[in-house]
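Here's the structure we're looking at; comments come further down.
The values are calculated or read from the model by the stated rules, or taken from the named source; none is laboratory data. This one's a predicted model, so the numbers in the text were calculated from it and none came from an experiment. Methodologically, a virtual Cβ is constructed for each residue, glycine included, from the backbone with ideal geometry; neighbour enumeration extends over all protein chains shown. Heavy atoms of the whole protein, side chains included, go into the accessibility calculation; ligands, DNA and RNA do not. Shrake-Rupley method; radii C 1.70, N 1.55, O 1.52, S 1.80 Å.
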Amino acid sequence: MDQVKEIMNELALLGTEQTLKTMKNHGAVEPIYGVRIGDMKPILKRHKNDHELALELFKTGNSDAMYLAGLMSKPALMTPEVLDEWINGATWHMISEYTVAWNAAESPWKFEMARKWIESEDELTADAGWATWGCILALTPDDQLDQQEIDQLLDRVEREVHSAPNQVRYVMNGFVIAVGSYYPPLAKKAMEVGKRIGKVKVNMGNTECKVPYPPDYIQKVWDKGLLGRKRKEVRC
């Protein structure tokens with residue numbers, strides 16, 4: 001597809017050594033050009049919602065192109081087969097945790113994919129699963145969520161978070177924050193779970209990034225009067 005070649009050439013020109021270094025410090029692997037997300041926006045503006053082009057870009061295996069594909073796609077057209085292809089093709093956690101999870105959470109198959117992926121022994125797949133759950137909470141009306149299921153997932157995080165694989169610990173921690181921020185029926189329990197699990201240790205690579213402490217983050221949301229306020233989309 002000529003458009004794919006054109007976009008790949010454009011991405012190559014947009015990449016910078018500093019951004020590439022930053023991305024690699026966060027865990028990125030080759031192939032990657034190191035394109036800032038803001039610099040992708042003009043390409044996205046020209047091709048937004050071109051789902052077929054997005055699928056072809058993701059197949060390149062280039063991290064920048066894969067991220068762009070996740071913004072360009074139409075989640076409503078996603079199938080379980082394509083979502084599985086995407087998580088199987090994810091090269092690092094920025095793709096699994098954002099690109100894949102965002103599209104899964106905004107797709108008609110959000111619950112099926114989240115439930116399946118969190119059971120995986122593959123770190124990036126489980127990472128995408130828990131990240132999808134966090135996005136589901138941010139997007140989905142409360143009456144479409146199963147309170148018992150969310151409650152059980154909170155219990156599971158409390159039991160397993162400290163023994164989970166590195167990046168899964170990060171998104172499990174984020175799940176607690178999501179419940180406490182977006183789901184009023186279990187917000188108080190999320191706060192208590194966050195206090196009991198304490199600070200979660202995650203290797204953040206050669207970066208200054210820190211793992212948020214759920215009680216502090218949740219309390220800020222409450223103080224701003226934003227508890228339960230849903231988002232229209234999670235992709236950005």
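Once you have a ≥ b ≥ c as the square roots of the Cα gyration tensor eigenvalues for region 96-235, tell me rounded if a/c is under 1.5, and otherwise prolate or oblate according to whether a/b is larger than b/c. List each step's numbers first, then the result.
Numbers: a/c = 1.37, a/b = 1.04, b/c = 1.32.
Cα axes put region 96-235 in the rounded bin.
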Report the extension gain between Arg46 and Glu81 in nm, rounded to one decimal, defined as 0.36 nm multiplied by the number of residues separating them, less their alpha carbon distance.
9.9 nm
Most mobile listed residue (Gly225, Gly89, Gly61) in the chain, GNM with C-alpha springs under 10 Å
Gly225
So what is the relative contact order of the chain, in percent, for Cα pairs below 8 Å that sit 6 or more residues apart?
15
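Which entries of Lys116/Lys201; Lys59/Lys210; Lys189/Lys220 have Cα-Cα distances beyond 20 Å here? Intermediate values should be presented prior to the final figure.
Details: Lys116/Lys201 25 Å; Lys59/Lys210 32 Å; Lys189/Lys220 16 Å.
Lys116/Lys201; Lys59/Lys210, as the Cα separations exceed 20 Å there.
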What does the charge count near Gly27 come to, summing +1 for each Lys or Arg and -1 for each Asp or Glu among other residues with Cβ under 13 Å from its Cβ?
-2
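If you count only protein heavy atoms with a 1.4 Å probe, what accessible area per residue comes out for the chain, rounded to a whole Å²?
Working: 11550 Å² over 236 residues.
Per-residue accessible area for the chain comes out at 49 Å².
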Which value in Å does the Kirkwood hydrodynamic radius of the chain take, with 1/r averaged over all unlike C-alpha pairs and then inverted?
18.2
Proximal charge balance of Met40 [Cβ under 15 Å; K/R count +1, D/E count -1]:
+1
Pick from Val100, Val176, Val202 the residue whose mean-square fluctuation is largest in a GNM of the chain, springs joining Cα atoms under 10 Å.
Val202
Tilt, helix 214-223 to longest principal axis of the chain (alpha-carbon atoms), in degrees rounded to tens, equals 90
Over the chain: helical MRE at 222 nm, DSSP H runs n ≥ 4 each giving -39500 (n - 2.57), nearest 500:
-18500 deg cm²/dmol
Can you give the angle from 0 to 90° between the axis of helix 187-197 and the longest principal axis of the chain, with both taken from C-alpha atoms, to the nearest 10?
90
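Accessible area of the chain with a 1.4 Å probe: how many percent of it is carbon plus sulfur? Could you put the intermediate results ahead of the total?
On the way: 5760 of 11550 Å².
Roughly 50 percent of what the probe reaches on the chain is carbon or sulfur.
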Restricting to aspartates and glutamates and to Cα separations under 15 Å from Lys21, and discarding same-chain partners fewer than 8 apart, the set is Glu30, Asp64, Glu208
What nm value, rounded to one decimal, do you get for the distance between Arg156 and Lys232 when each label is placed 7 Å out toward the C-beta?
3.2
How far, in degrees from 0 to 90, does helix 80-89 lean away from the longest principal axis of the Cα atoms of the chain, to the nearest 10?
80
Just to confirm my numbers, what's the Cα centroid distance between region 211-236 and region 103-129 in Å?
22
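Could you please report the charge total around Asn9, scoring K, R as +1 and D, E as -1 over all other residues with beta-carbon less than 13 angstrom from its beta-carbon? Before the final figure, lay out the partial values.
On the way: positive: Lys5; negative: Asp2, Glu6, Glu10, Asp64.
Result for the neighbourhood of Asn9: -3.
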